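Reading through the structure tokens given below for one structure.
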Amino acid sequence: GRYRGGTTAFPEATQWIRGVSNADIGVVGQYLVMKYPFYGPDRTNRVRYIAIERPDHSVRAPADCTEWTALLVRGGYDYVAINTPATAYSPVQWTERIPGVERVLRTDAGEFTLTIFRLPEDLEATPC
């Protein structure tokens, strides 16, 4: 398929996703609207962009850790992929605070860092 060659900006993520199937993956951050590689080579993963929908159907990023964890719980994700500029780690820091979370990948591409976490099955929305 199209993404098997690892030609994305994050070849390590392309390699990682080859071993993931039938997973719910949330993505957020710059360029992750181009979420197609996360569907995996067998296209069995369910991939959704994480955001808060406004009444006019536009979206915005979560403003704080509490909104972030509520979105993760509501989404029922197995993994979350966060792509941020090297100077902005709020969603990464918020996710690292979640008990039982596991960082499975962190890779840099120029000024951006992609971090992928495996979320615990018993994730609860709690104030941070």
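Remarks
- Long-range amide H partners of N45 with built H, under 5 Å: N22, A23
- Peptides 53-61, 97-105 ranked from most to least packed by the mean count of surrounding Cβ atoms within 10 Å: 97-105, 53-61.
- The C-alpha atoms of the chain define a longest principal axis, and helix 65-75 lies at about 60 degrees to it.
- Under a 5 Å amide H cut-off, with hydrogens placed 1.01 Å from N, V104 pairs with I116, F117, R118 among residues at least 5 apart or on other chains.
- Cα pair count fraction exceeding 22 Å, expressed as % - the chain: 32
- Radius, Kirkwood style, for the range 20-64 when every pair of distinct Cα atoms is counted (Å): 11.6
- Contour minus Cα-Cα distance for K35 and S90 (0.36 nm per residue): 17.7 nm
- Surrounding net charge for L123, when Lys and Arg each add one and Asp and Glu each subtract one, Cβ distance under 13 Å: -3
- Using R0 = 35 Å, the C-beta based FRET efficiency linking T44 and E111 works out to 0.60.
- Placing pseudo-labels 7 Å out from each Cα toward the beta carbon at D64 and V101 gives an inter-label distance of 1.7 nm.
- The tail of the calculated P(r) for the range 62-116 beyond 13 Å holds 60 percent of all Cα-Cα pairs.
- Between the beta carbons of A125 and E53, assuming R0 = 25 Å, the FRET efficiency works out to 0.90 to the nearest 0.05.
- Surface per residue (accessible, 1.4 Å probe) for the chain, Å²: 57
- Solvent-accessible surface of protein heavy atoms, probed at 1.4 angstrom with all chains present, puts D108, D78 in the order D108, D78, largest first.
The values are calculated or read from the model by the stated rules, or taken from the named source; none is laboratory data. Being a predicted model, the structure only gives us computed values, none of them experimental. Neighbour counts are summed over all protein chains in view; Cβ atoms, including those assigned to glycine, are modelled from backbone coordinates with ideal geometry. Just the protein is used for accessible areas: all its heavy atoms, side chains included, with ligands, DNA and RNA removed. Shrake-Rupley method; radii C 1.70, N 1.55, O 1.52, S 1.80 Å.
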